[in-house]
Amino acid sequence: MTVFDRPIKFEEVDAANIVFFARFVTYAHEAMEHFFNALEGGYARLILERRVGFPAVHVEITFTAPARYGDVLRIETRVARIGNRSAVLWYRMHHAATGLLACELRHTVVTTDLRTLTSCDMPADVRALLAQHLEPSGEGT
């Protein structure tokens with residue numbers, strides 16, 4: 001599991017003074033970028049130099065408590081499943097101050113060659129990183 005603290009910004013809340021629901025997908029992507037920073041050159045090198053991307057093909061979100069401007073979300077990133085060319089990343093977003101769970105998000109990505117926009121084999125270092133954070137069977141799925 002990796003952990004990423006994300007403050008809520010003023011422009012991310014709606015008229016009800018809670019985070020607009022779609023922002024949680026952005027937070028998950030930021031946490032994914034943080035996750036891949038463990039690789040040489042991080043996420044930027046994967047995308048810009050190696051031309052390997054991870055587009056979303058499925059996203060599921062369960063909301064359990066609101067988040068507001070001024071809150072900090074502690075985002076835990078785990079891996080729920082690793083396939084041949086895909087993976088399911090599992091994010092749990094807690095209020096850093098209280099530990100209260102705000103939401104869980106599952107994000108299925110497909111390893112993609114960004115030159116051709118077709119699925120490709122998962123690079124060995126990516127697979128190894130994902131495997132380091134794989135949850136025991138049955139959890140997170």
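The values are calculated or read from the model by the stated rules, or taken from the named source; none is laboratory data. The model shown is predicted, which means the values in this text are computed figures rather than measured ones. Glycine gets a Cβ as well: all are built from the backbone with ideal geometry, and neighbour counts include every protein chain shown. Ligands, DNA and RNA are excluded from the accessible area calculation, which covers all protein heavy atoms including side chains. Shrake-Rupley method; radii C 1.70, N 1.55, O 1.52, S 1.80 Å.
Picking from residues in segment 108-141 that are modelled with pLDDT under 95 and within 19 Å of I61 (Cβ to Cβ), the one that is most open to solvent (accessible area, probe 1.4 Å) is T141.
So which residues in segment 1-16 are touching a helix residue (DSSP H, G or I) at 6+ places or on another chain (Cβ under 8 Å) and either open to solvent by 40 Å² or more (accessible area, probe 1.4 Å) or not in a helix (DSSP H, G or I) (or both), if there are any at all? If the condition is that a residue be touching a helix residue (DSSP H, G or I) at 6+ places or on another chain (Cβ under 8 Å) and either open to solvent by 40 Å² or more (accessible area, probe 1.4 Å) or not in a helix (DSSP H, G or I) (or both), then T2, F4, R6 are the ones that fit. Do we have T116 as under 22 Å from R50 (Cα atoms), assigned to a loop (DSSP other than H, G, I, E, B) and free of Cβ contacts under 8 Å to residues at least 40 places away in the same chain here? The answer is yes for T116.
For segment 17-49, the set of residues classified as assigned to a loop (DSSP other than H, G, I, E, B), of a type in the set (A, V, I, L, M, F, W, C), more than 25 Å from R115 (Cβ to Cβ) and in contact (Cβ under 8 Å) with a residue 24 or more places away in the chain consists of I18, F21, listed by residue number. If the condition is being assigned to a strand (DSSP E or B), open to solvent by less than 40 Å² (accessible area, probe 1.4 Å) and closer than 23 Å to M122 by Cα, then segment 74-103 contributes E76, T77, R78, V79, A80, S86, A87, V88, L89, W90, Y91. Checked against (1) on the phi < 0 side of the Ramachandran plot; (2) open to solvent by 40 Å² or more (accessible area, probe 1.4 Å), G70 passes all but a single condition, namely (1).
Just one of the listed residues (T108, T118, T62) is among the hydroxyl-bearing types (S, T, Y) and over 18 Å from A31 (Cβ atoms), namely T118. Take the conditions (1) loosely packed, with under 13 Cβ neighbours inside 10 Å; (2) within 20 Å of S86 (Cα to Cα); (3) touching a strand residue (DSSP E or B) at 6+ places or on another chain (Cβ under 6 Å); (4) modelled with pLDDT of 95 or more; A44 misses just one of them, which is (3). Could you grab me the full set of residues in segment 50-93 that are free of Cβ contacts under 8 Å to residues at least 60 places away in the same chain, of a type in the set (G, A, S) and more than 30 Å from N17 (Cα to Cα)? G83, S86, A87 - these are the residues of segment 50-93 that are free of Cβ contacts under 8 Å to residues at least 60 places away in the same chain, of a type in the set (G, A, S) and more than 30 Å from N17 (Cα to Cα).
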